[in-house]
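Written below as structure tokens is the structure these notes are about.
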Amino acid sequence: MKKVYPIIVLLLTGIMVSCGEDFLEPLPESAVSSEGYFTNDDEILTGVIGMYDAIQGVNSNDLDENFSIQREYYLTEMRSDNTRTKSSEGEAAQFESYTVTPSNGIVSNYYNSFYEIIYRANLVLSSLEAASADKAPAFEAEAKFVRAYAYFNLVRLYGDIPLVDRLTGPLEREVAFTRVATSGIYDLIIADLQTAISGLDNTYRNRASKAAAQSLLAKVYLTQGSNYSEAQTLLESVMSGSFSLEPNFKDVFYTEDNNEVIFAVGYTSDLTSDSQNISAEWLNSVGRTSGVNYVTSDAREVLDNLGGNRTLYSYRQDAAQPTQYQVAKYIPNGDANLGIAATASNPELAGNDWIVIRYADVLLMHVEAILAGGQQTSATAALNSFQRVRDRAGLTTPVTTITKADLLAERRVELAFENQRFFDLVRFGVAQEVLSAFSNVNGYSFNSTDLLLPIPQREINLSNGVMTQNPGY
């Protein structure tokens, strides 16, 4: 359900016109100067919508296009113990086996895609003087939420990265290639989200909102292992609002704009420019015998034991290849046995919105904030939030104590295949232990340096010696 708008071709056209022929090539688009492009509220709004267009990504299999979140699962789910390829071949298999190389095209594509998001946010921010007094604060808040969201993903995946917090010109080449310590990146993320919280309301689910900014800032604090009390306050503010768990787990993913969605990327079915093919990629719905993001035996076992009524709508057996198991969230071509209707006439042009933040995540983060880095809690507020998620799953036996391991397992089954697992393992401080054991069982080659992706080799080459590589690559 696309709540944003079609790709802003004029945006990129304007960028190219304003750059001039003397622009120093090649540089990331985040370093392009387009001063003066937006001159009024209506034009700035096209730039705002363009930010979400960049998050949405291009529905394509061409690595020259920006996939953005449409291939995010490679970098998250397939680097965890949740999913894998079918055939263990090609660049995709590098993620499951922990043999990712700096020349991996998907790694480079995601990096470039998210700096394009940042560039578009900076373009909006650079135009605020042209906005009316009543619109400028909201434009600023929305752009800063988007920029923070992009940087939060990048810093967790790549570590120290360039900090481009404004439009830059052709003589500022080093800005695009000088890696800044993660602490500096987090300072910008926190400041941006604080501005977003103060300037947004809860009008949208497919665009930035106050609740989305509060939820994201809480997750930032949890990731840093600090400000647990502030994270708890932010989450309780969201919990006091109008969001709620959907009574039926299936409806979270197949009834769009539902009460559980806090922030989702909108898509429209059967329209190449606004659809997605991510869900078709991990199903056999397009007649392929090979595929990616298939469910591991490890994940199936946990879901079978702890998933409750969530398991049925989390994975399913591949009818064409019964030894394989597919992700069953966001099925594009429907499943009569599960009561799921097709979301598109062509599964490669699916209209399933991709949920980034939902209420169940907020409730489980609330437990995490109360746990505050400890090993267990019996606090009533934590038990209530935890129990609400389990009750919806049909697991109604009262819980009296929640351990860190309990919470991590609950997050795994509740948020399975939603690009959360890898980040959760890192945030809980168990990634090296869990992934080492998983790697050993499956004959993979995980080591501690695999917790960060490589900086794309293309960026290092373009930097002429300015940019350094992550250890282990």
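Table: residues versus (1) of a type in the set (S, T, N, Q); (2) out of contact with any Lys or Arg (no Cβ under 8 Å at 6 or more places or on another chain); (3) under 30 Å from Ser226 (Cα atoms).
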position: Asn333; (1), (2), (3): yes, yes, no
position: Leu338; (1), (2), (3): no, no, no
position: Pro398; (1), (2), (3): no, yes, yes
position: Leu408; (1), (2), (3): no, yes, yes
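Of everything in the range 54-104 that is among the charged types (D, E, K, R) and without any contact (Cβ under 8 Å) to a residue 60 or more places away in the chain, the residue that is nearest to Leu303 (Cα to Cα) is Glu91.
In this structure, Thr268 does not satisfy being in a loop (DSSP other than H, G, I, E, B), within 20 Å of Ala416 (Cβ to Cβ) and of a type in the set (Ser, Thr, Tyr). For the range 415-443, the set of residues classified as among the acidic types (Asp, Glu), crowded, with 16+ Cβ neighbours inside 10 Å and either under 19 Å from Gln376 (Cβ atoms) or free of Cβ contacts under 8 Å to residues at least 12 places away in the same chain (or both) consists of Asp424 only. If you go through the range 191-226, how many residues are more than 21 Å from Leu163 (Cβ to Cβ), of a type in the set (S, T, N, Q) and surrounded by fewer than 24 Cβ atoms within 10 Å (Cβ to Cβ)? The total comes to 4.
Restricted to the range 25-101, the set of helices (runs of 4 or more DSSP H) holding at least 1 residues that are among the β-branched types (Val, Ile, Thr) and modelled with pLDDT of 95 or more comprises 41-56.
Taking Glu246, is it within 28 Å of Ala54 (Cα to Cα) and outside the structural domain of Ser88 (by TED's automatic domain parsing)? So Glu246 does not fit the description; no.
Taking the conditions (1) in contact with an Asp or Glu (Cβ under 8 Å, 6 or more places away or on another chain); (2) more than 16 Å from Glu77 (Cβ to Cβ) in turn, Leu435 satisfies each one other than (2). Taking the criterion of being under 15 Å from Tyr115 (Cβ atoms) and of a type outside the set (Phe, Trp, Tyr), the residues of the range 144-155 that qualify are Val146, Arg147, Ala148, Ala150, Asn153, Leu154, Val155. Scan the range 415-422 and give yes if some residue there is over 23 Å from Tyr294 (Cβ atoms) and not basic (Lys, Arg), otherwise no. No, the range 415-422 has no match at all. When you look at Leu167, is it at pLDDT below 95, within 17 Å of Ala54 (Cβ to Cβ) and assigned by TED's automatic domain parsing to the domain that holds Asp62, yes or no? The answer is yes for Leu167.
The values are calculated or read from the model by the stated rules, or taken from the named source; none is laboratory data. For clarity, every value in this text was computed on a predicted model and none was experimentally measured. So basically every Cβ, Gly included, is an ideal-geometry build from the backbone, and we count neighbours across all protein chains shown.
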